[in-house]
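Novice: Would you mind keeping the following structure in view while I ask a few things?
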Ligand SMILES: [Zn+2]
């Protein structure tokens, strides 16, 4: 399944602008934008616009150009057929990255995000392609056991994606998601088990970072009271700062009672950073 594209970068009369599929119609596209759209990262691959009768609008990559997206781009498709999307999911699922490695990768990515945004508060369309993350640092050497149980060494990339571009198409994937926290909810299920979620600031899909019981029932956690304290501290931080950045790594699952929403399920304190602080730094924070 090809990934839905909501935002594109247009280059008309040498002027670059971000444009959303919802703001286009067939006539605009045919007369003005055709052949002049790329993905929001500014890869070489061309983007086309489709409008269906029932007012469904979307962008997609021109035929056979999927490989022209940079390797770090969410729309990159490898036509060599080495790893298709389904296989890729299975591949990621099959490999258990250790928490320490995940933690390190999240820190690298958070650092690079903070660097990008401190250079310029607003995206400069001319520098669209500089948004591509430094892929080298996201590569992790790991040991993979193949079908013959023979160990071989491979390189695993953690996928980092902007929450803005996450949708139900991503259900079943495991990756790192970054964005801004809109609000924090601490709740209790029918069995009196505490759980929580961070609702992220996104325009198109409802994206939550969810904390199931597994998050506080493992070697890194001192139990539910500590968990509650962590959640309430983040809640306060969000109330004081409406641009609180979060990055977290987990499985993307369907959100109950919300056909357009997804949860990213976080099962360890080592798999999340809020405002560039880890779980323990937040706990020791005097807020
Ligand atoms: Zn691209």
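Throughout, read-outs are computed from the coordinates displayed, never taken from laboratory work. Bear in mind the structure is a predicted one, so any value in this text is a computation, not a measurement. All Cβ positions, glycine included, derive from the backbone under ideal geometry; neighbour counts span all protein chains shown.
Novice: Ranking request for peptides 229-237, 13-21: highest mean number of other beta-carbon atoms within 10 Å first, then the rest in descending order.
Specialist: Per-residue Cβ counts within 10 Å, averaged per peptide and sorted highest first, yield 229-237, 13-21.
Novice: Quickly work out the residue 199-to-residue 226 label distance, labels modelled 7 Å from Cα along the C-beta direction, and quote it in nm with one decimal.
Specialist: 2.9 nm
Novice: Contact order normalised by length for the range 208-281, with contacts defined as Cα pairs under 8 Å and 6 or more residues apart; what percent is it? Before the final figure, lay out the partial values.
Specialist: Working: 99 pairs, mean separation 28.7, N = 74.
Relative contact order of the range 208-281: 39 percent.
Novice: Further question on the same structure: Would you list 216, 29 from fewest to most Cβ contacts within 10 Å? Spell out each step's value before the answer.
Specialist: Numbers: 216 25, 29 20.
Listed from fewest to most nearby Cβ atoms, that is 29, 216.
Novice: So, one more: Taking Cα atoms of the range 7-68, Rg/Rh with Kirkwood Rh, to two decimals?
Specialist: 0.94
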